[in-house]
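Below is one structure, written out as structure tokens; comments come after it.
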Amino acid sequence: MTEPLIKIEDLSLGFTAKNGRQAPILRGLSLELAPGETLGIVGESGSGKSTVALAMMGYLKSGLTVFRGRAIFDGNDMFALPEKQRTRLRGSSIALIPQNAGQALTPTLKIGRQIDEALQLHTALSAGERSIKVLELLNRVRLPSPEDIAERYPHELSGGQQQRAAVAMALAGNAKALLLDEPTTGLDVTTQAHILEFLRSLAKELGVAMIYVSHDLGVIARVADRVAVMYAGMLVEEGPTRDVLREPNHPYTRGLLASIPRLGEPGILPSMPGVPPAVGSDLTACAFADRCPQVRSLCKDGIPALERRGNCRVRCPYAGEHAPEHLSTRRVPQVQHARALELQDVAVSYRRPGLLDRWLKKPEPAPTVDRAGFVLKKGETLGLVGESGSGKSTILRAIAGLAGTRKGGITLGDGESLNAPVAGRDRETLRRVQMIFQNADASLNPRQSIGEILMAPLKLYFGLKGAEAQARAEELLEAVRLPARYMSRFPRQLSGGEKQRVGVARAFAANPEVTLCDEVTSALDVSVQAAALALLTRLQRENGCSYIFVSHDLAVVRAVSDRVAVLYQGRICEIGPAEQVYAPPYHPYTQTLMGAVLEPDPDAAPVLLANDMSEMAPPATGCPFQRRCTKRIGPVCDTRTPLPQVLDAGHVIHCHIPAQHLQEAGERLEAELA
Amino acid sequence: MLKLLATIASKPSGALGLGLTLFHLALALLAPWIAPFDPTAQNADTILLAPNASHLMGTDTLGRDVFSRVVYGGRLAIAVTFTAAVIATLWGGFAGIFFGTVGGRVDEYAMRVVDAFLSMPWLLFLLLIISIGGAGPLTIIPTLGFFYGVAVLRVVRGAAMQLAARDFVTAAKARGEALWPILSREMFPNLSDILLVEGAMRWSWMLLAFSSLSFLGFGATPPTPDWGLMVAQERGLLSTAPWGVFWPCLTLSSLIIGINLLADAVGKALGLDRATAVAV
């Protein structure tokens, strides 16, 4: 066996409280990385995954100290080295690629210049040699026309291109190891799939080792040779990716895998009860014992050791035992015949032509959202999917009265118009439509107690006050499975999942007919996401309300929706019953999205169709997907808006290509993915 | 509140700021018990004495005890500027939150007016108003309060705009809450920290402004003991009897530094970004 490139031995680190108590963030961690190997580190927020990755390159976030153990990089004991030497080593042989490349690049310097600076720092090349090397690096990260890219500023590149430029910069120093901290989180699915394929081939080509930190097992499955699963600052399972993902040993890994929604099996997934122990708390027993479905009394006696099982290491003495089956429960459709909401040919435009534009008779830009039309039945869930900029949130804002419509009509089931913005709607109309926000953290006022937050809509819509409001708020908390004592707590005292539950409770305080869910689970950890989806489904069953569920995650939308609309550049490409939209024939854009989905399965490879360029504005005429479509049939795509092709069961595809051909193409993709 | 004070006092700069501010407030409040002489009593026998055992800071041209005058000298300035700072923070804060929340055209037009006020040479303007309205607290307090309130407005409006874009404010708007509940329940509680720090900073600047007015003869009127006035009266003798100028200057600047340090420490203890609480 080759000597490991990085080795951490029994590493414990954390912060020291004022009273001298040591609060550990990593607890006795040992991990190795061989040269040229890709190690995936997964875990939920607060598990210490980023801290481990940084510690592997001898870096500590401020305020943290090493309690015990060593981190050895290429034969150097990193924490024993003087700061200066450590910095030099870090810059030249290990490079960090952060989550948000757009923020890591200097906005005022051209890309070429930034890479040149990195070369100056790490190599002894002359100016002429460097300028050649810059182009070589840009070429290596597969950016089109390197000469052109080198002359651009970071904001002139798309998100995916920025990420590639950051990789080029990291490669400037001949790094032996790359540390990637959630590098694709926040990118669109198609872009993410492209970047991952690129990183895979790069690692192979250059033989660099990679440490890849992510919360997304689908991503890890695609890039990592080996995976380490973190929980409460400890390694709970570690081994070859295939073994860990195919036959997880630790109950936590099993639960995590079970709570990830998959395209193939729609339904509400089992979720793990409870929350992980607080960061830095003292542990005297298995950290997962409180949430474990297989817990024994022995589990509470001490922290179990990391034991070898086959190719893996597992921190659970009962790992081999047969685990209870995790089954998803199929959603029972609650759709009634009556309508809850209808959109007819709605257009929304944020940009109004200014006085100057009108004088110059400039043509009006194409509206952000156009020709949006659908019917939402009572008790139905309509999923809206699409990448960032697809206009899905804009449609929600228009329905909620936060963005004015330019054209078309929005009506509630009984004909009540929703065309007016919030200020023009009466209180009763407002009550009937409620919204749940993406980021529960930002949607709850930090200065209000949970009770105050829940009582605001009760007072506004029903005039409830005092004890009556109090009692109703407690009922709402109970409906979202939170104890009544949370009434006096403040948002900062709640976990992410709990905050989102409060957000849901606040929306249901109004007893709405239509609830707008804007990426409500995208900020949550997967184990918590499953619980939030289950909660929404249960509330729908109990209250018979309708949902419009916006998400960029196709699998999540599949899990909760009766019908699905696929949006691109603010135009609906395809709409229909979920099982029809998720099966051929596909709209070419739907097919692109389906191909890019990553499942936590080491054998599933994405099929990359359209390129990952990002478009800032919809085209003025023709099909919205014309510029990226791989199946365009000719100038008709640029000039004429495709007419809807109505297939069976209300499945509609907006494309010039006959459905028969789309069917065949879709079947080919299915075969390729299987 | 106690916890906040403890956090402030735990850092040397915060402790110094808190100490200096409290020291000066105590001095002003307890002046009759601290000052050994009547601050206005003239004495022909003790003209321009250098600091000695009975006159710790010496005496001035009219034979008055400089120490006693320094101790009394903050009373008027502190009272006037503190009241004005409260007024400035209240009206500037309210207007700032209002315009930051409402946004759009109303905000756009209001800000042009604010720009106009901010671009005025305020000291000259102040002198104009005082020469019309007469020098006295009743003219100075509202004038200072108004002008400094404009600056408070600008800062608070910026913070309010950022806050108004947060989802919980959007949620309240989408719910159909009226303007007043949004201002008072969603916005104000999240901006009160900034208002506190901003108010304290303005107070320290006003102290300097008031002393400048007194120095120019538009603030305190003789024979009132006042730091700015003392410097004005004794400045001719700076080379022969520097104590008459030195001590009031030192006291004034130590109070201003104290308030600044305190405001900084309060901001830090409340977790505010320094950038949101800078003086314009």
**Request:** Could you pull out the residue among B:Leu48, B:Leu16 that is farther than 14 Å from B:Ser68 by Cα and either part of a helix (DSSP H, G or I) or without any contact (Cβ under 8 Å) to a residue 24 or more places away in the chain (or both)?
**Result:** B:Leu16
**Any chance A:Ala510 is within 14 Å of another protein chain (Cβ to nearest Cβ), out of contact with any Cys (no Cβ under 9 Å at 6 or more places or on another chain) and more than 17 Å from A:Leu376 (Cα to Cα)** = yes
**Request:** State whether the residues of the stretch A:156-166 include one that is in a helix (DSSP H, G or I), within 16 Å of the chain's Cα centre (by Cα) and either surrounded by fewer than 24 Cβ atoms within 10 Å (Cβ to Cβ) or not assigned by TED's automatic domain parsing to the domain that holds A:Gly46 (or both).
**Result:** yes
**Prompt:** Scanning for something away from every other protein chain (no Cβ under 14 Å) and part of a loop (DSSP other than H, G, I, E, B), does the stretch A:440-460 turn up at least one residue?
**Reply:** no
**Hits in the stretch B:184-204 - residues which are surrounded by fewer than 20 Cβ atoms within 10 Å (Cβ to Cβ), farther than 17 Å from B:Gly271 by Cα and more than 10 Å from chain A (Cβ to nearest Cβ)** = B:Ser184
**strands (runs of 3 or more DSSP E) wholly inside the stretch A:202-289 containing at least 1 residues that are touching a helix residue (DSSP H, G or I) at 6+ places or on another chain (Cβ under 6 Å) and polar (S, T, N, Q)** = A:209-214
**Item:** One residue from A:Thr639, A:Thr621 being in contact with a Lys or Arg (Cβ under 9 Å, 6 or more places away or on another chain), farther than 29 Å from A:Glu380 by Cβ and not assigned by TED's automatic domain parsing to the domain that holds A:Leu256
**Value:** A:Thr621
**Message:** Show me the strands (runs of 3 or more DSSP E) found entirely inside the stretch A:32-133 where at least 1 residues are surrounded by fewer than 21 Cβ atoms within 10 Å (Cβ to Cβ) and either of a type in the set (Asp, Glu) or in contact with a Ser or Thr (Cβ under 7 Å, 6 or more places away or on another chain) (or both).
**Reply:** A:65-73
**Request:** Taking the residues in the stretch A:429-439 that are under 28 Å from the mean Cα position of the chain (by Cα) and at the interface with chain B (Cβ under 7 Å from one of its Cβ atoms) as candidates, determine which candidate is farthest from A:Pro512 (Cα to Cα).
**Result:** A:Asn439
**Message:** Checking the structure you have, find out if any residue of the stretch A:521-536 is over 26 Å from A:Leu217 (Cα atoms) and either touching a strand residue (DSSP E or B) at 6+ places or on another chain (Cβ under 8 Å) or within 14 Å of chain B (Cβ to nearest Cβ) (or both).
**Reply:** no
**Message:** Suppose the filter is in contact (Cβ under 8 Å) with a residue 24 or more places away in the chain, within 12 Å of chain B (Cβ to nearest Cβ), out of contact with any strand residue (DSSP E or B) (no Cβ under 9 Å at 6 or more places or on another chain) and acidic (Asp, Glu); does A:Asp426 pass it?
**Reply:** no
**Message:** Quick check on this structure: which one of A:Leu199, A:Leu187 is in a loop (DSSP other than H, G, I, E, B), among the hydrophobic types (A, V, I, L, M, F, W, C), crowded, with 22+ Cβ neighbours inside 10 Å and without any contact (Cβ under 8 Å) to a residue 60 or more places away in the chain?
**Reply:** A:Leu187
**Prompt:** What are the residue pairs meeting all of these: first residue in the stretch A:49-64, first residue assigned by TED's automatic domain parsing to the domain that holds A:Pro82, second residue basic (Lys, Arg) and in a loop (DSSP other than H, G, I, E, B), Cβ atoms under 9 Å, and 6 or more apart or on different chains?
**Reply:** A:Ser50/A:Lys61; A:Thr51/A:Lys61; A:Leu54/A:Lys61
**Request:** Mind listing whichever residues of the stretch B:246-276 are of a type in the set (Lys, Arg) and either surrounded by fewer than 16 Cβ atoms within 10 Å (Cβ to Cβ) or at pLDDT 90 or above (or both)?
**Result:** B:Arg274
**Request:** Collect the residues in the stretch B:48-69 that are farther than 12 Å from B:Glu234 by Cα, surrounded by fewer than 21 Cβ atoms within 10 Å (Cβ to Cβ) and hydrophobic (A, V, I, L, M, F, W, C), keeping them in residue-number order.
**Result:** B:Leu49, B:Ala50, B:Ala53, B:Leu56
**Prompt:** Looking at B:Arg175, is it buried (at least 24 other Cβ atoms within 10 Å of the Cβ) and more than 17 Å from the chain's Cα centre (by Cα)?
**Reply:** yes
**Request:** Could you please let me know if A:Leu464 is in a helix (DSSP H, G or I), closer than 28 Å to A:Lys378 by Cβ and either more than 12 Å from chain B (Cβ to nearest Cβ) or in contact with a helix residue (DSSP H, G or I) (Cβ under 6 Å, 6 or more places away or on another chain) (or both)?
**Result:** no
**Request:** Hey, can you tell me all the residues within the stretch B:222-244 that are closer than 19 Å to B:Leu208 by Cβ and part of a loop (DSSP other than H, G, I, E, B)?
**Result:** B:Thr224, B:Pro225, B:Asp226
**Asked** Do you know which residues across the stretch A:390-405 are touching a helix residue (DSSP H, G or I) at 6+ places or on another chain (Cβ under 7 Å), within 14 Å of chain B (Cβ to nearest Cβ) and not in a helix (DSSP H, G or I)?
**Response** A:Gly401, A:Leu402, A:Ala403
**Asked** Among the residues of the stretch A:1-47, which ones are under 28 Å from the mean Cα position of the chain (by Cα), closer than 25 Å to A:Ser495 by Cβ and β-branched (Val, Ile, Thr)?
**Response** A:Ile25, A:Ile41, A:Val42
**Every residue from the stretch B:222-252 that is of a type in the set (Val, Ile, Thr) and within 18 Å of B:Ala84 (Cβ to Cβ)** = B:Thr224
**Fill in**
Given (1) assigned to a strand (DSSP E or B); (2) buried (at least 22 other Cβ atoms within 10 Å of the Cβ); (3) in contact with an Asp or Glu (Cβ under 8 Å, 6 or more places away or on another chain), A:Gly408 misses just (2)
**Message:** Tell me whether the stretch A:549-556 contains one or more residues that are part of a loop (DSSP other than H, G, I, E, B) and assigned by TED's automatic domain parsing to the domain that holds A:Lys378.
**Reply:** yes
**Asked** Which of the residues spanning the stretch B:169-185 are more than 17 Å from A:Val433 (Cβ to Cβ) and outside any helix (DSSP H, G or I)?
**Response** B:Ala178
**Item:** Any hit, the stretch B:150-168, residues being within 9 Å of chain A (Cβ to nearest Cβ), more than 27 Å from B:Leu22 (Cα to Cα) and assigned to a helix (DSSP H, G or I)
**Value:** yes
**Asked** What are the residues in the stretch A:540-564 that are aliphatic (A, V, I, L, M) and out of contact with any Phe, Trp or Tyr (no Cβ under 6 Å at 6 or more places or on another chain), if any?
**Response** A:Ile548, A:Val550, A:Leu554, A:Ala555, A:Val556, A:Val557, A:Ala559, A:Val564
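The values are calculated or read from the model by the stated rules, or taken from the named source; none is laboratory data. Note that this is a predicted model, so its numbers are computed, not measured. All Cβ positions, even for glycine, are placed from backbone atoms using ideal geometry, and neighbour counts span all protein chains on display.
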